[in-house]
Amino acid sequence: QVQLVESGGGLVQAGGSLRLSCAASGDIFTITSMGWYRHAPGKPRDWVASITSSGTTNYADSVKGRFAISRDNTKNTLYLQMNNLKPEDTAVYYCNAYKKALDFWGQGTQVTVSS
(Lines give C-alpha, C1' and ligand atoms only; values in the text may rest on other atoms or scores of the structure.)
Protein backbone atom coordinates (compact mmCIF):
# COMPACT_ATOMS: atom_id res chain seq x y z
CA GLN A 1 0.00 0.00 0.00
CA VAL A 2 1.00 3.56 -0.69
CA GLN A 3 -0.24 6.57 1.25
CA LEU A 4 -0.25 10.00 -0.38
CA VAL A 5 -0.88 13.34 1.31
CA GLU A 6 -1.15 16.54 -0.73
CA SER A 7 -0.59 20.08 0.50
CA GLY A 8 0.00 23.55 -0.89
CA GLY A 9 -3.34 24.42 -2.43
CA GLY A 10 -5.05 27.74 -1.87
CA LEU A 11 -6.50 30.87 -3.39
CA VAL A 12 -4.38 32.87 -5.84
CA GLN A 13 -5.00 35.60 -8.38
CA ALA A 14 -4.65 34.94 -12.08
CA GLY A 15 -1.00 35.12 -13.10
CA GLY A 16 0.15 33.95 -9.69
CA SER A 17 1.98 30.80 -8.63
CA LEU A 18 1.53 27.90 -6.26
CA ARG A 19 3.57 24.82 -5.45
CA LEU A 20 1.79 21.62 -4.55
CA SER A 21 3.48 18.87 -2.58
CA CYS A 22 2.64 15.21 -2.20
CA ALA A 23 4.28 13.22 0.58
CA ALA A 24 4.42 9.50 -0.14
CA SER A 25 4.78 6.76 2.46
CA GLY A 26 4.32 3.02 2.75
CA ASP A 27 5.57 0.57 0.12
CA ILE A 28 6.97 3.19 -2.24
CA PHE A 29 10.05 1.44 -3.58
CA THR A 30 8.41 -0.13 -6.64
CA ILE A 31 6.32 2.84 -7.71
CA THR A 32 6.52 3.05 -11.51
CA SER A 33 5.35 6.60 -11.97
CA MET A 34 3.69 9.45 -10.11
CA GLY A 35 1.54 12.26 -11.33
CA TRP A 36 -1.01 14.96 -10.76
CA TYR A 37 -4.63 15.00 -11.82
CA ARG A 38 -7.31 17.63 -11.32
CA HIS A 39 -11.06 17.60 -11.02
CA ALA A 40 -13.12 20.70 -11.69
CA PRO A 41 -16.87 20.82 -10.90
CA GLY A 42 -18.95 19.36 -13.70
CA LYS A 43 -15.94 17.96 -15.52
CA PRO A 44 -14.19 14.59 -15.53
CA ARG A 45 -10.93 14.13 -13.67
CA ASP A 46 -8.12 15.19 -15.99
CA TRP A 47 -4.49 14.17 -16.09
CA VAL A 48 -2.13 17.14 -15.59
CA ALA A 49 1.44 15.83 -15.46
CA SER A 50 3.45 12.74 -14.65
CA ILE A 51 7.01 11.67 -13.93
CA THR A 52 8.46 8.19 -14.21
CA SER A 53 10.91 6.50 -11.86
CA SER A 54 13.67 7.39 -14.35
CA GLY A 55 12.66 11.06 -14.33
CA THR A 56 10.85 11.34 -17.65
CA THR A 57 8.15 14.01 -17.47
CA ASN A 58 5.00 14.56 -19.50
CA TYR A 59 2.41 17.33 -19.42
CA ALA A 60 -1.08 17.97 -20.64
CA ASP A 61 -1.13 20.55 -23.43
CA SER A 62 -3.18 22.90 -21.26
CA VAL A 63 -0.38 23.27 -18.69
CA LYS A 64 2.73 22.79 -20.82
CA GLY A 65 5.15 25.66 -20.30
CA ARG A 66 3.41 26.80 -17.11
CA PHE A 67 3.58 23.79 -14.77
CA ALA A 68 6.60 21.73 -13.74
CA ILE A 69 6.51 18.35 -12.04
CA SER A 70 9.45 17.11 -9.98
CA ARG A 71 10.28 14.65 -7.26
CA ASP A 72 12.70 14.59 -4.34
CA ASN A 73 13.50 10.94 -3.68
CA THR A 74 15.35 11.81 -0.47
CA LYS A 75 12.13 13.24 0.94
CA ASN A 76 9.72 10.85 -0.83
CA THR A 77 7.88 13.92 -2.08
CA LEU A 78 6.35 14.87 -5.40
CA TYR A 79 5.92 18.50 -6.41
CA LEU A 80 3.93 20.50 -8.92
CA GLN A 81 5.13 24.05 -9.51
CA MET A 82 2.30 26.01 -11.09
CA ASN A 83 3.08 29.38 -12.67
CA ASN A 84 0.97 31.87 -14.61
CA LEU A 85 -2.18 30.35 -13.17
CA LYS A 86 -5.47 30.89 -14.95
CA PRO A 87 -9.05 30.75 -13.66
CA GLU A 88 -9.56 27.56 -15.69
CA ASP A 89 -6.89 25.88 -13.53
CA THR A 90 -9.33 26.00 -10.61
CA ALA A 91 -9.90 22.42 -9.42
CA VAL A 92 -9.14 19.90 -6.74
CA TYR A 93 -5.67 18.54 -7.47
CA TYR A 94 -4.90 14.90 -6.71
CA CYS A 95 -1.59 13.13 -6.39
CA ASN A 96 -1.37 9.69 -8.01
CA ALA A 97 1.09 6.82 -7.72
CA TYR A 98 1.07 3.88 -10.13
CA LYS A 99 2.52 0.64 -8.81
CA LYS A 100 2.10 -2.94 -10.00
CA ALA A 101 -0.99 -2.09 -12.09
CA LEU A 102 -2.65 -0.32 -9.16
CA ASP A 103 -3.45 3.36 -8.74
CA PHE A 104 -3.14 5.07 -5.39
CA TRP A 105 -4.63 8.51 -4.71
CA GLY A 106 -4.30 11.27 -2.18
CA GLN A 107 -7.24 13.13 -0.67
CA GLY A 108 -6.81 16.16 -2.91
CA THR A 109 -6.03 19.81 -2.37
CA GLN A 110 -8.14 22.71 -3.63
CA VAL A 111 -6.64 25.28 -5.98
CA THR A 112 -8.75 28.34 -6.72
CA VAL A 113 -7.61 30.99 -9.21
CA SER A 114 -9.52 34.27 -9.19
CA SER A 115 -9.75 36.51 -12.24
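The values are calculated or read from the model by the stated rules, or taken from the named source; none is laboratory data. What you see is a predicted model; the values in this text were computed from it and never measured. Backbone-built Cβ (ideal geometry, glycine too); neighbour counts: all protein chains shown. Keep in mind that these areas ignore ligands, DNA and RNA; they rest on the heavy atoms of the full protein, side chains included. Shrake-Rupley method; radii C 1.70, N 1.55, O 1.52, S 1.80 Å.
Couplings 3J(HN,Hα) for the stretch 98-115, derived from phi with the Karplus relation 6.51 cos²θ - 1.76 cosθ + 1.60 (θ = phi - 60°), are 10, 8, 6, 6, 10, 9, 10, 10, x, 7, x, 9, 7, 10, 10, 10, 8, 8 Hz, where x marks Gly and Pro. Taking the protein heavy atoms of the chain in the context of the full set of protein chains, the accessible area attributed to carbon and sulfur is 51 percent at 1.4 Å. For Val48, the residues whose amide H sits under 5 Å from its own are Trp36, Tyr37, Arg38, ignoring neighbours fewer than 5 places away on the same chain, with H placed 1.01 Å from N.
The string of couplings for the stretch 70-75 from the Karplus curve (6.51, -1.76, 1.60, θ = phi - 60°) is 8, 9, 10, 5, 6, 10 Hz, one whole number per residue in order, with x for Gly and Pro.
For the stretch 81-90, putting each phi into the Karplus relation 6.51 cos²θ - 1.76 cosθ + 1.60 with θ = phi - 60° gives couplings of 8, 10, 10, 6, 5, 10, x, 6, 7, 4 Hz, in residue order, rounded to whole numbers and with x for Gly and Pro. Largest accessible area first, the residues Asp46, Asp72 order themselves as Asp46, Asp72 under a 1.4 Å probe with ligands, DNA and RNA left out.
Straight-line reach from Lys100: taking Cα to Cα under 13 Å and skipping same-chain neighbours fewer than 8 places apart, the aspartates and glutamates in range are Asp27.
According to the square roots a ≥ b ≥ c of the eigenvalues of the Cα gyration tensor, what is the shape class of the chain, taking rounded for a/c under 1.5, prolate for a/b larger than b/c otherwise, and oblate for the remainder? Because a/c hits 1.5 or more and a/b exceeds b/c, the chain counts as prolate. Taking amide H atoms as placed 1.01 Å from N in the peptide plane, the amide H of Gly108 lies under 5 Å from those of Glu6, Cys95, each 5 or more residues away in sequence or on another chain.
Placing +1 on each Lys and Arg Cβ and -1 on each Asp and Glu Cβ, with no other charges, gives the stretch 1-103 a dipole about its Cα centre of roughly 80 debye.
Under a 1.4 Å probe, what is the accessible area of the chain per residue, stated in Å²?
Details: 6060 Å² over 115 residues.
Per-residue accessible area for the chain comes out at 53 Å².
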